[in-house]
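No value in this document is a laboratory result; all are computed from the given coordinates. Bear in mind the structure is a predicted one, so any value in this text is a computation, not a measurement. Note that we place each Cβ from the backbone using ideal geometry, even for glycine, and neighbour counts take in every protein chain shown.
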Amino acid sequence: MLRYQVTRAVTRNREQVQILANLYENGKYDFWTPPRIGNVDIMVSEEEIPELEAILREADIPYHVQIQDVGNKKVITAVETLQQFCFFYSGVEKNSGLHGLGFLVSQRARNSLLESETISPCLAKIRLKGRPANIYLLSGYAPTRDALGETKNHFHTELKTVPSAIAAQDYLIVGGNFNARVGPMDQATCKVLCNFGLGQCCENVERLVNYALMNQLTASNTFFQYKPSHLLT
């Protein structure tokens, strides 16, 4: 059942931008991009769709559906390239804005998809057929530093169970937001980190480093130098 969709409006003049700006300032809808000349993405619930489309038609603003949420799988139509992508989503049952992550899979990759699994609202994995070995992709969204210890323990307990279910010959790639500023490499972390860690390590790092050591993983983004503005969100 459709819960929400993202509608892409294409404004062509300042008058059309102002109409969307009024909606934006009133908090009427969830704007993914601010009103401007060009593409403006707006997320609306199922009940709000007719109202928004009526406003766009009256203002002569062209629009099309960019994302449709159909539960745990979303189909995204990229009009510019005339290709379809599939979004495998893991999140809470109600659209509360809490948690939620997933994988955006191209048509080519979808042909190689062997399985997908929702582990929790903060963990999901997919398996792709590859050569010389298959590839497991694990996406995680760790609790923040201020979260309760019980919440952190629960997440990392679930995280640790995933590699045990993966065949020894498969590759494992882990990505996501682990809310852990790793700091500089030292003797204890040299097998996981390289020269380009950021700042001073926070208390979440020990869990992440232990997980990486246990599964012979490395924090690959510390192996390459980035602009400081690209290292924090």
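Data table
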{"quantity": "GluC sites (Glu not before Pro) within the stretch 5-47, DSSP loop, no more than 16 other Cβ atoms inside 10 Å", "calculated": "Glu46, Glu47"}
{"quantity": "Which listed pairs, of Lys152/Lys191; Lys28/Lys227; Lys28/Lys152; Lys129/Lys160; Lys129/Lys191, have C-alpha distances above 30 Å, in listed order", "calculated": "Lys28/Lys227; Lys28/Lys152"}
{"quantity": "Rough spin-label spacing in nm, given labels placed 7 Å along Cα→Cβ, for Arg110 and Arg57", "calculated": "2.9 nm"}
{"quantity": "Using θ = phi - 60° and Karplus 6.51 cos²θ - 1.76 cosθ + 1.60, couplings along the stretch 30-40 (whole Hz; Gly, Pro as x)", "calculated": "8, 7, 6, 10, x, x, 6, 6, x, 7, 10"}
{"quantity": "Förster radius 30 Å - calculated FRET efficiency between Arg131 and Asn221 (Cβ-Cβ, nearest 0.05)", "calculated": "0.70"}
{"quantity": "Lys, Arg +1 and Asp, Glu -1 on Cβ, resulting dipole of the stretch 1-69 about Cα centre, debye, nearest 20", "calculated": "320 debye"}
{"quantity": "Sparse-neighbourhood loop sites, GluC sites (Glu not before Pro) in the stretch 93-174 - DSSP loop, at most 13 other Cβ within 10 angstrom", "calculated": "Glu93"}
